[in-house]
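**Q** The structure under discussion is supplied below as structure tokens; questions concerning it will follow.
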Amino acid sequence: MDGHPCVKTQVTVTDDKGNKYEPIVWNATDLKKFPIKIETTSQAHTTTILFTNVKLSKPEASLFDPPAGFKHYDSPQALIQQEMMKHMGGAPGGPPPAGQ
């Protein structure tokens, strides 16, 4: 499977309502048994999940940095209020922001 030696296993998964599912899982032995392929059949339809370019190394911390221009809001309401103010031309009773 994608150049990885695999162990193919059928597993049984039971959801909180008691429904059982039996997907087939291919675990890559050279990737600490990471499941690189999962295949499930339900109502005559087969769904396949395939993982490629799996890296088990720790990701760089910079990947979790906010993007440039990110602005933090204390709550969803604060975000909504800020956006409403932009569209209404500034703070209530005050002049519109410069440049508008």
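**Q** Within the bounds of the stretch 14-27, is there any residue that is exposed (fewer than 11 other Cβ atoms within 10 Å of the Cβ) and within 22 Å of the chain's Cα centre (by Cα)?
**A** Yes, because at least one residue in the stretch 14-27 is exposed (fewer than 11 other Cβ atoms within 10 Å of the Cβ) and within 22 Å of the chain's Cα centre (by Cα).
**Q** Related question: Cβ contacts < 9 Å: first residue without any contact (Cβ under 8 Å) to a residue 12 or more places away in the chain, restricted to the stretch 3-32; second residue among the acidic types (Asp, Glu) and exposed (fewer than 15 other Cβ atoms within 10 Å of the Cβ), any location; separation 6+ or different chain. Result?
**A** Thr12/Glu22; Val13/Glu22
**Q** Could we say that Ile49 is surrounded by 10 or more Cβ atoms within 10 Å (Cβ to Cβ) and more than 17 Å from the chain's Cα centre (by Cα) here?
**A** Considered against the rule, which asks whether it is surrounded by 10 or more Cβ atoms within 10 Å (Cβ to Cβ) and more than 17 Å from the chain's Cα centre (by Cα), Ile49 comes out as no.
**Q** Which is touching a helix residue (DSSP H, G or I) at 6+ places or on another chain (Cβ under 7 Å) and either more than 30 Å from Pro23 (Cα to Cα) or exposed (fewer than 10 other Cβ atoms within 10 Å of the Cβ) (or both), of Leu63, Leu79, Leu56?
**A** Leu56 is the lone residue from the list that is touching a helix residue (DSSP H, G or I) at 6+ places or on another chain (Cβ under 7 Å) and either more than 30 Å from Pro23 (Cα to Cα) or exposed (fewer than 10 other Cβ atoms within 10 Å of the Cβ) (or both).
**Q** Report, by residue number, each residue of the stretch 48-83 that is of a type in the set (A, V, I, L, M, F, W, C), closer than 30 Å to Lys8 by Cα and not in a loop (DSSP other than H, G, I, E, B).
**A** Hits for the stretch 48-83 are Ile49, Leu50.
**Q** Here is a follow-up. Pull out all pairs, ordered by first then second residue, where Cβ-Cβ is under 8 Å, the residues are six or more apart or on different chains, the first lies in the stretch 49-61 and is touching a residue at least 24 places away in the same chain (Cβ under 8 Å), and the second is assigned to a loop (DSSP other than H, G, I, E, B) and among the basic types (Lys, Arg).
**A** These pairs meet every condition: Leu56/Lys32.
All of the numbers you see were taken from the coordinates with simple rules; none came from a lab. As the structure is a prediction and not an experimental result, all values here were calculated from the model. Neighbour counts run over all protein chains shown; Cβ positions are idealised from the backbone, glycine included.
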